[in-house]
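Participant: Attaching a single structure in structure tokens format; questions to follow.
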Amino acid sequence: MLVDGKQHKAIWCNLSTGQVFVIDQRHLPHSFIINELATVDEFVFAIRDMIVRGAPLIGVTAAYGMAMAMNEDSSDENIALASSKLKGARPTAVNLSWAVDRVVACLDCLPPADRPGVAIDLAERMSQEDVKKNIQIGRNGVALIEDIGRSKPVGEPIRILTHCNAGWLATVDRGTATAPIYEAHERGINVEVWVDETRPRNQGASLTCWELQHNGVPHKLIVDNAAGHLMQHGMVDLVIVGSDRTTSAGDVCNKIGTYLKALAARENGIPFYAAMPTSTIDPDIVDGLTEIPIEERGLEEVTNLQGQLDNGEIVSVKICPNGTDALNPAFDVTPRHLITGIITENGLWHPRLGAFS
Ligand code: MRU
């Protein structure tokens, strides 16, 4: 997608030099900084410290990380070591282990000398596949937006609420929840996006607003607690969120606060969709509440806020009394009975009905 009018991806590889680059998302929206990841430990750090984040992007980053590990040492021992380091970087997004396992399965049967070349080719293919899947998610999801548009008065925008950043920055390109929105915008459909700020790390405010702004999609930032009020007043037509892990029965785990939006949407009769590649669906689990590991993050994300002063300095400020204790679960689970449907690259899945369309 566009950054200052220029096409960008969230991760890319210079195939002639083997160098892998990412956008350092810790500095957005204030600075656009590109980092090179040169060792497997740098890939692990990039995922853990959220230089890159978002389930599909974490997966592709880990695939490139495995390729980098094979450049360092392509032995069986190093396959095991690198895969366990990468998989341990963050617990919730299943795309991480899905991607690492896919690379490992491909390397295991090869002689060590062949592994570096095959691993980088596979990582590159996974990166390209991610973009293709997201384009297809957009095409499959735009029909929902078009349907709503048919019942709106001429000239009124279709108002879509999204949570966190499930945009192109959370994938290689295009995004998942944003893919139908970008598709609609490019088809000339009048859409407007409500962006939840998404405490504690504010990925909505800092990342979703940034990418929508750079791509010319009308949007407004709201505080997390405003969504219910907007829904009660008929100001939300559709909710689309992403997912970090979805069970085989259709329970959706996504950024903390997603569940509350789904409850409010149900109460107000608003369709609530999750958009994801099928690699986010964990075939091994059924019950999201008991089977998905929920990441707990540092308490300073809750007790402090990071932002930019008028003089450009980035600061972190305390918002509670010194010594305040806190709790910081990063994700929650929205049970399938609150979900209208799941938009995938293969079509629309209706977990409540047990059907695909
Ligand atoms: O903690 P983050 O920023 O990695 O969380 C990201 C989300 O919750 C996204 O909604 C999810 O990964 C889907 S991304 C297409």
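Values in this text are rule-based calculations from the coordinates and carry no lab data. Just so you know, these numbers come straight off a predicted model, no measurement behind them. Backbone-built Cβ (ideal geometry, glycine too); neighbour counts: all protein chains shown.
Participant: Measure off 7 Å from each Cα along the Cα-to-Cβ vector at N190 and L263, then give the distance between these two points in nanometres to one decimal.
Facilitator: Rounded to a tenth, the inter-label distance reads 3.5 nm.
Participant: Can you list which of the GluC sites (Glu not before Pro) found in the range 276-357 are DSSP loop residues with at most 10 other C-beta atoms within 10 Å? Write down the numbers at each step before the final one.
Facilitator: Details: sites: E291, E295, E296, E300, E301, E313, E345; in loops: E295, E313, E345.
Loop-located and lightly packed - E313.
Participant: Given the Cα-Cα distance of V317 and A249 and 0.36 nm per residue of separation, how much length would full extension add, in nm?
Facilitator: On the way: separation 68, 0.36 × 68 = 24.48 nm, distance 4.16 nm.
Result for the pair: 20.3 nm of gain on full extension.
Participant: Now a separate question. Gain in length, L327 to D73, computed as 0.36 nm per residue apart minus the alpha-carbon separation, to one decimal in nm? Could you put the intermediate results ahead of the total?
Facilitator: Numbers: separation 254, 0.36 × 254 = 91.44 nm, distance 3.99 nm.
Gain in length upon complete extension: 87.4 nm.
Participant: At F32 and N304, where each label point lies 7 Å from the Cα along Cα→Cβ, what is the point-to-point distance in nanometres?
Facilitator: 2.8 nm
Participant: If the label point is 7 Å along Cα→Cβ of I135, which residues in the range 174-201 have backbone nitrogen under 18 Å from it?
Facilitator: Flagged as within label range: 174-188.
Participant: Say a paramagnetic label sat at a point 7 Å from the Cα of T39, along Cα to Cβ; which residues of the range 84-116 have their backbone N under 19 Å from it?
Facilitator: 84-89
Participant: Over the residues of the range 2-128, compute the C-alpha Rg and express it relative to 2.2 N^0.38 Å.
Facilitator: Values: Rg = 14.0 Å, N = 127, 2.2 N^0.38 = 13.9 Å.
After normalising by residue count via 2.2 N^0.38 Å, the value is 1.01.
Participant: Along the range 165-179, what does the Karplus equation 6.51 cos²θ - 1.76 cosθ + 1.60 (θ = phi - 60°) give for ³J(HN,Hα), rounded to whole Hz, x for Gly and Pro?
Facilitator: 10, 10, x, 5, 5, 8, 9, 6, 6, 6, x, 10, 4, 7, 4
Participant: Near the amide H of H219, under 5 Å away, which other amide H atoms are found, from residues 5 or more places off or on another chain, if H is placed in the peptide plane?
Facilitator: Here the answer is V193, since their amide H atoms fall under 5 Å of that of H219.
Participant: Also: Under 25 Å from the Cα of K6, which lysines turn up, not counting those fewer than eight places away in the same chain?
Facilitator: Straight-distance partners of K6: K132, K133, K220.
Participant: For the range 141-356, what is the percent of antiparallel DSSP beta bridges, rounded to the nearest 5?
Facilitator: Beta bridges within the range 141-356, antiparallel portion: roughly 45 percent.
Participant: Turning to a different aspect of this structure: Who wins for biggest fluctuation among N311, N95, N268 in a Gaussian network model of the chain, springs between alpha carbons below 10 Å?
Facilitator: N311
Participant: With Kirkwood's inverse mean 1/r over C-alpha pairs for Rh, give me the Rg to Rh ratio of the chain, two decimals please.
Facilitator: With Rg and the Kirkwood Rh in hand, the quotient comes to 0.97.
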